[in-house]
Amino acid sequence: MSVSGPVRTGIDLGHRWVKLLRGQGASTLKRITHAGVEEIDIKSSDDEIVRTAEALKRLLNRLGLNGKKLGTIAVAVRGEEANVREVALPRLSTAELRLALPFEAKKHLNLEDMISPILDFQIMGKQAPEKEGDPEEMRVLLAAAPLSQREFSLKVLSQLGLEPNVVDLEPLAGLNALLAAKSSAKTGVLGLLDLGAQHTRLYMTQADGGILTRTIGPGVPDSADADEVNGYLDRLAEQIRETQTFYRSRFRKDLGLLMVGGGGALNTGLCEKLNAKIGVDLSILDPLEGLEKSKKAEQEIAAKGPHYITACGLCRWWDHTDV
């Protein structure tokens, strides 16, 4: 039976591709009505805003969509310069934390090289005390991103007369997609290796706290040269091991399941080679698995599910399980 409900759209403005998911659902995303990926023509303009907007326009036209049909819109701030960290703080009200945010962000986030950072936070819940008698604390997710990156996303959409209802951080959208896709997994710590065109990012999280996002390398090489690809995988494996060690020392838990997504996940043999180097079972994450899809969306998605991780996380922003 077809699902109805409020319409929501997630738009992922990447460096090489624009990805869009339009879905329906009230408390959670239930059905994908439209999906598409459009390559950005880097030769069409020297202005990245213009050529990204052109790609989005082509995609909307191909899917038969316009602003009125998109419902509520969520777009991401690119994540390579974003800084996200979970910290434990004394219990404060939202208003009190808002006042303390500049101090706490400077204390816990790397803002020295970030030009005009925009700051935000989310209270995640209670922090379990390490020992009896410890003062009550709360888990807080602190986030910062350059103002220019936020403005980029807004300017691209404004070229088409669109205004987003939500501007989220790319790492948080990725975590949303991971947690939603594996909400029933009894594996403890979940990991997602996002193999993008420009950068590779590792996400690690668990249901009761412990969020980490880290850019661990450049994007997957375009070259078919075996030595270049092997060198990339060697460096990636080293960064994954270092991140696992850091996570274990900080949160005292080990990685239970590592998923792979992004366009690079579709490269033949790449996951198998990386698996051999790190000794951890890898599996490709399809964030759209289990969702009802229209025939048109099914045709567009085909075997490209891993491409849609950020777009799916954005489309799930209104779910009750988001981070």
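The values are calculated or read from the model by the stated rules, or taken from the named source; none is laboratory data. Values in this document were obtained by computation on a predicted structure and should not be read as measured data. In this analysis, Cβ positions are derived from the backbone assuming ideal geometry, glycine residues included, and neighbour counts consider all displayed protein chains.
Just a few scattered comments:
- Counting only helices (runs of 4 or more DSSP H) wholly contained in the stretch 240-323, the ones carrying 3 or more residues that are surrounded by fewer than 20 Cβ atoms within 10 Å (Cβ to Cβ) occupy 270-278, 295-301.
- Residue match in the stretch 66-81 (condition: free of Cβ contacts under 8 Å to residues at least 40 places away in the same chain and within 17 Å of Leu314 (Cβ to Cβ)): no
- Just one of the numbered conditions (1) under 14 Å from the mean Cα position of the chain (by Cα); (2) not in a helix (DSSP H, G or I) is not true of Asp208: (1).
- Evaluation of Ser44 against (1) in contact (Cβ under 8 Å) with a residue 40 or more places away in the chain; (2) touching an Asp or Glu at 6+ places or on another chain (Cβ under 7 Å); (3) surrounded by fewer than 14 Cβ atoms within 10 Å (Cβ to Cβ) (one fails), failing number: (1)
- Within the stretch 29-54, the set of residues being assigned to a loop (DSSP other than H, G, I, E, B) and either over 21 Å from Pro287 (Cα atoms) or out of contact with any helix residue (DSSP H, G or I) (no Cβ under 8 Å at 6 or more places or on another chain) (or both) comprises Lys30, Ile40, Asp41, Ile42, Lys43, Ser44, Ser45, Asp46, Asp47.
- Within the stretch 108-128, the residues that satisfy the criterion of being surrounded by 15 or more Cβ atoms within 10 Å (Cβ to Cβ) and without any contact (Cβ under 8 Å) to a residue 60 or more places away in the chain are His108, Leu109, Leu111, Met114, Pro117, Ile118, Leu119, Asp120, Phe121, Ile123.
- When Asp168 is tested against the conditions (1) touching a residue at least 24 places away in the same chain (Cβ under 8 Å); (2) assigned to a loop (DSSP other than H, G, I, E, B); (3) on the phi < 0 side of the Ramachandran plot, the lone failure is (2).
- Annotation note: of Gly279, Gly269, Gly305, Gly264, the sole residue that is touching a helix residue (DSSP H, G or I) at 6+ places or on another chain (Cβ under 8 Å), of a type outside the set (D, E, K, R) and modelled with pLDDT under 90 is Gly264.
- Test set (1) within 20 Å of Thr310 (Cβ to Cβ); (2) without any contact (Cβ under 8 Å) to a residue 60 or more places away in the chain - Thr200 fails condition number: (2)
- Of all residues in the stretch 74-122, those satisfying the criterion of being outside any strand (DSSP E or B) and either under 16 Å from the mean Cα position of the chain (by Cα) or assigned by TED's automatic domain parsing to the domain that holds Thr215 (or both) are Arg78, Gly79, Glu80, Glu81, Ala82.
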